[in-house]
1. Taking 30 Å as R0, compute the FRET efficiency from the Cβ-Cβ separation of Leu160 and Glu74 and round it to 0.05.
2. Could you identify which residue out of Thr300, Thr281, Thr127 has the top mean-square fluctuation in a GNM of the chain using Cα springs shorter than 10 Å?
3. Just how far, in whole angstrom, is the range 209-284 from the range 349-393 if you go by their alpha carbon centroids?
4. His125 to Gln61: extension gain in nm, 0.36 nm per residue of separation minus the Cα-Cα distance?
5. What is the list of residues in the range 137-158 whose amide nitrogen lies under 13 Å from a point 7 angstrom out from the Cα of Lys22, following Cα to Cβ?
6. Most mobile of Gln11, Gln365, Gln332 per a Gaussian network model of the chain (Cα springs, under 10 Å)?
7. Can you give me the relative contact order of the range 288-390 as a percent, contacts being Cα pairs under 8 Å and 6 or more apart?
8. Got a sec to turn the phi values of the range 359-367 into Karplus ³J(HN,Hα) couplings, 6.51 cos²θ - 1.76 cosθ + 1.60 with θ = phi - 60°, whole Hz, x for Gly and Pro?
Amino acid sequence: MTEFFNTGLSQQEFLEHYWQKKPLLIRQAFTDFESPISPDDLAGLACEPEIESRLIEENGQEGAWQVTNGPLSEDDFARLPATHWTMLVQDVDKHLPELQYLLDPFRFIPDWRRDDLMISYAPEHGTVGPHTDGYDVFLLQAMGTRRWQIGDKPIHDAELLEGLNLQILAEFNSDKEWILEPGDILYLPPHFAHHGVALNDGMTFSFGFRAPSRTDLLDSVVNSLLEHDMGKSRYTDPDLVLSEHGSEINSDAITRLKQLLHQSIDEAEPILASALGKFVTDTKSSLANIAQESLADLPTIDEITRQFDSGDSLSRNLYYRFAWAKNEHGGQLFMAGETYCLDIHGQENLPLLAENSVIKRADWQHLKKDVPSANLLCQLISEGGWNWYSESN
Ligand code: SIN
Ligand code: CO
């Protein structure tokens, strides 16, 4: 049994009793925690044009709850008051690979459910206001202290303050309140109202998860049906009976439509894994420019062997999302919204190709025994999914 931090709960028990169900405060999840990045490092990231960032001022020059989207400039920082603002930077786990170790305690939750590590810095009184999020989040206090107030039930369709570029609850009643110190974590399931206010200069690391919407998933299933030339049968009504009106869409028509939709989902069964895999590995639009930097010619198996022999290894592109699924023929690897197939002999290589953070010479020697798996790695390298690095760097 692997314990979930120091909670006394196994990871499985956390999933059973808390995940997507109720909040959990974990005191000293990381003992003696010291933030691996400074507020200045974070401000530097917020000034980078390709990095998604925001500044939220409770009393901005242009009104209450002013949002300034990054890249932030010297001028933005120069005009800031001493208190009551927050700077937030998304996807820091990808921009700073050295922070990947922070994700390790969460890797028992499927990778493809994870969105990013967002880091915020706020001086005293800094807050983004009371709000709900549509996803699960682990809020790690990384520096300074912050007071968190939360509601003890999820709220759907909450009323928001009008006329803002920010989603702030019009009304917030706190049921529980804690002061978080560095190393403490507050887990919140989706839709639980929360309000965090910095009591002094501090940073919060938000490990955010994501969950595709029904319409997005349906859209992906429909696209997969179209790609596979499936779902072609038409609406039928051999049970049609006389109706008083010519233009009415009556309840029988709706029943037939529902049947047709259920049948379409049944028909899609063989392609559901690929519809989901493609959707959840699609590159986040805000990262598309950085993610694709490293496209290369298709290398041969011999070229790769030589590169491993020279001491280089491969690291997985953190900007791409990967997933895999087994099936009766072998399996599928999903990378950046594309599907790649392996037969039954390659099935065992799927975790190495899609999950490992690095591939080393010994892994390659094993992988090469299955030529389609080796060829797949060649293809993934050419498409930027794996990048060479030298151990000496
Ligand atoms: C923050 O870090 O200020 C906000 C994090 C959140 O509420 O999800
Ligand atoms: Co939030």
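1. That gives a FRET efficiency of 0.40.
2. The residue with the greatest mean-square fluctuation here is Thr300.
3. That distance is 38 Å.
4. 21.3 nm
5. It comes to 152-154, nothing else.
6. Gln365
7. 40
8. These are the phi-based 3J(HN,Hα) values: 10, 10, 3, 5, 5, 5, 4, 6, 4 Hz.
All of the numbers you see were taken from the coordinates with simple rules; none came from a lab. Only a predicted model underlies this, so the values are computations on that prediction, with no experimental measurement involved. Counting neighbours? That spans all protein chains shown, and the Cβs are built from the backbone with ideal geometry, glycine included.
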